[in-house]
Amino acid sequence: MLAITLNPGFVPILAALAVLAAPRMLRAPTIAGAALLALWLLLDREFGAAARVAQMGLPVVLLNLDALNRIFGIALLLALIIIAVFSSSRRNRYEDAAILSLAGGTVSALFVGDLISFVAAAAFAGLAAAWTVFASPLPGANRAGVRLLIWHGIEGLLFLVGVAFQLRAGAESSVFARLDVDTLGGGFIFAALMIRVGAPLAHVWLKDVVAHASPAGGAALSVFSSMLGVYALARFFPSETLLAPIGAAMIVIGVVFAAAKDDLRAGAAYGLMAQTGVCVALIGAGSPLAMAAAEGHAFTSIFAFLALLMALGAILERTGNARISSMTGLARTMPLSVGLLLVSGLAVSATPGLAVYATHTVALDATAQWPLRWLWLMIAATPAVLFVALVLRPVLTANLQTVAAKPKAHPIAEAPFTMLLGAALASFFCISIGLAPGWLYGLMPADLAFQPYALDRVAPRLETLGAAGVAFVLLRATGVAAKERAVSLLDIDALYRGPLASAGRWAGVVMLRFYGAWQAALSAASNWAARAFTAWTRSCDRPYAESPVTSGAAAPLAALAVFMAVMFFARVM
Amino acid sequence: MTRTPPPTRAKGVSGLVFLFCATAGGLGLAFDLTRNDLSSWWLGAEPGAAAVIGLGAATLAVLAGHALRFLLRRRGRNETTEERDAGHHA
């Protein structure tokens with residue numbers, strides 16, 4: 001058997017170059033083929049480090065496979081295959097290359113074994129993410145891409161500083177090991193990962209880019225962005241006590257904004273933030289069961305949100321937006337898309353029989369301790385809020401049929417077949433993982449003998465979701481629930497996009513004015529000096545001066561005489 | 001004879017959703033209440049507490065929707081977009 005020592009993430013990166021030149025018919029097969037090849041490279045290897053070299057005295061480990069990165073790698077590469085199917089109906093070779101680069105950078109970062117390679121791969125993935133947003137045809141995408149570049153730039157700077165401080169302890173400290181937040185190096189790397197994972201105050205980039213990306217780009221960004229941060233936290237900061245409250249804050253902010261957003265793609269991004277917060281909090285809890293739950297929950301959330309964003313992308317493709325307020329009657333014209341939205345929303349809400357349920361129950365068991373009771377409560381309530389926000393609100397609105405005075409002239413058709421197929425494939429994965437999670441439990445680093453469909457686990461979940469559904473339908477029927485209106489909500493990015501950006505522009509204008517004044521003063525001074533010099537040289541030009549003294553030539557003649565005397569005596573000395 | 005537009009009437013699947021949710025919730029509550037587990041480690045894990053959590057979560061979602069729209073609704077020309085930047089001159 002041919003033994004190939006190659007980081008699986010390098011395959012999609014090389015395929016990105018091929019896709020730039022490939023004809024349209026070959027691009028989707030190239031993406032899927034690259035993912036399959038990378039998956040084969042991943043599954044064909046034994047655990048352990050390989051491809052270790054030394055560069056400038058620093059160890060560079062390009063491939064280090066273990067149970068932690070294997071589970072993430074399998075999820076990301078399967079997701080890439082589904083994205084290949086979903087994106088095959090549109091013509092955008094640049095976005096195809098961007099998505100492959102994003103996937104390649106993320107998967108590469110999963111499988112390297114030293115900090116420097118990790119930072120390089122993560123930075124490459126960040127650039128590719130911005131490229132994915134730039135390739136979007138939606139309005140505002142360019143600005144969103146620039147904002148993402150700024151966030152990733154700050155993250156990269158923090159990474160570099162952290163790695164530099166880590167390397168002070170010696171070259172071998174670059175190899176992966178648990179880091180300490182109390183050290184400078186560990187602290188900076190932790191701060192960088194807080195940006196990557198979308199911690200509070202740094203959470204706005206994800207909803208910004210998902211809302212502005214194309215249908216395929218949004219799905220890819222949801223998969224290949226924040227989950228790398230979850231992996232890195234599990235690798236570098238397991239059992240870090242700061243992570244539990246940070247994860248809890250992510251859950252609260254995520255569900256609250258998801259419940260209020262009209263733009264469902266941004267709402268899905270907030271929902272992803274909430275489920276990522278569950279993973280982060282579980283990593284902070286740190287027990288073997290909690291770590292296994294975090295990794296499994298990341299795995300299932302990848303597929304659930306991939307399916308959800310694909311269904312929303314299909315709606316976006318046909319209608320031009322994915323706002324709940326615009327979805328009235330959509331079920332008549334796009335029944336398959338709304339059906340897929342329902343299934344994927346149920347998956348995101350941890351409904352029994354679907355993917356996230358299988359790991360959500362593990363998460364509840366892992367936090368079923370008295371000191372973690374509030375975290376347990378948040379984790380238990382999250383599916384109910386997401387059920388209301390991402391399932392009931394859009395599905396009830398989409399099935400609302402009004403007899404309007406003037407019927408629409410152009411009925412909306414169903415989404416393109418490949419988009420429906422991609423979303424259906426992702427939903428199939430959600431259902432298959434949910435119904436038979438044993439193989440997922442077998443992939444986890446910790447041995448897990450878990451029965452998710454025991455009655456004492458299924459019954460409370462049915463209770464929670466059922467009660468939430470009944471309550472919301474009643475609140476909606478009585479008019480207590482807010483009507484779906486086209487509104488945009490401010491978030492923390494309104495601060496730096498509004499007042500801070502204005503302050504920066506004002507500072508820039510003031511500095512430009514100072515610079516302009518300085519340039520004008522310099523110009524005036526040089527003009528005056530030039531005029532004075534010209535006048536003096538002209539005064540030396542007069543051929544018939546009365547005397548050297550009265551003609552004004554005395555001073556320069558005296559200066560010349562002194563100069564010649566100095567030179568004469570210098571030579572003599 | 002006056003020409004008035006026909007009244008719009010709305011129909012949907014709220015009833016069906018209510019039925020499904022009530023059935024699922026009722027089944028879950030029935031199984032939860034009849035299980036013989038006396039080792040609940042705290043109030044939130046007691047039989048029937050999951051239904052309370054669900055009710056609270058739905059209420060939280062509705063209240064959060066109202067609160068955020070009241071407090072954080074983007075006002076002005078670009079009310080429905082998030083494109084208004086400090087440097088945006090469109």
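The values are calculated or read from the model by the stated rules, or taken from the named source; none is laboratory data. Here the structure is a predicted model, which means the values were calculated and not measured. Every residue, glycine as well, gets a Cβ built from its backbone with ideal geometry; the counts of neighbours run over all protein chains shown. Note: accessible area is taken over every heavy atom of the protein model, side chains too, but ligands, DNA and RNA are not part of it. Shrake-Rupley method; radii C 1.70, N 1.55, O 1.52, S 1.80 Å.
Structural remarks
- The residues packed around residue A:475, meaning those with a beta-carbon under 13 Å from its beta-carbon, carry a net charge of +3 if Lys and Arg are +1 and Asp and Glu are -1.
- Convex hull volume per residue, computed on the Cα atoms of region A:424-556, equals 375 Å³.
- Applying 0.36 nm per residue to the separation of residue A:365 and residue A:44 and subtracting their alpha-carbon distance, the gain on full extension is 112.2 nm.
- Estimated translational D of region A:180-327 in µm²/s (Stokes, Kirkwood radius over Cα pairs; 20 °C; 1.002 mPa s): 140 µm²/s
- Per-pair calculated FRET efficiency, R0 = 60 Å: residue A:564 and residue A:172 via Cβ, rounded to 0.05: 0.30
- Prolate/oblate/rounded label for region A:202-280 (Cα gyration tensor, a/c 1.5): oblate
- Here chain A has 70 percent of its accessible surface on carbon and sulfur atoms, given a 1.4 Å probe and all protein chains in place.
- Test item: Cα-centred dipole of chain A, Lys/Arg +1 and Asp/Glu -1 on Cβ, debye: 1680 debye
- Separation of the residue A:532 and residue A:374 label points, Cα + 7 Å toward Cβ, nm: 7.3 nm
- Rounded if a/c under 1.5, otherwise prolate or oblate - region A:427-470, Cα gyration tensor axes: oblate
- The protein assembly as shown, helix-only ellipticity at 222 nm - DSSP H runs n ≥ 4, -39,500 (n - 2.57), divided by all residues, nearest 500: -22500 deg cm²/dmol
- For region A:59-194, size of Cβ-based charge dipole, Lys and Arg +1, Asp and Glu -1, in debye: 520 debye
- For region A:134-212 and region A:245-301, distance of Cα centres in Å: 18 Å
- In the A-B interface, the accessible area buried, summed over both sides, Å² (probe 1.4 Å): 5300 Å²
- Grouping the Cα pair distances of region A:75-152 into 5 Å bins from zero gives a pair-distance distribution of 3, 16, 21, 24, 19, 12, 4, 1 percent in increasing distance order.
- Projected-area mean, region A:118-185, by convex hull of Cα positions, square nanometres: 5.0 nm²
- Dipole of the protein assembly as shown, positive end: most advanced residue of A:195, A:10, A:40 [Cβ charges, Cα centre]: A:195
- The protein assembly as shown: proportion of alpha-carbon pairs further apart than 39 angstrom, %: 38 percent
- Once the chymotrypsin sites (Phe, Trp or Tyr not before Pro) in DSSP loops with at most 11 neighbouring Cβ atoms within 10 Å are cut out of chain A, the longest remaining piece is A:48-543.
- Principal-axis tilt of helix A:93-111 within chain A, Cα atoms, nearest 10 degrees: 80 degrees
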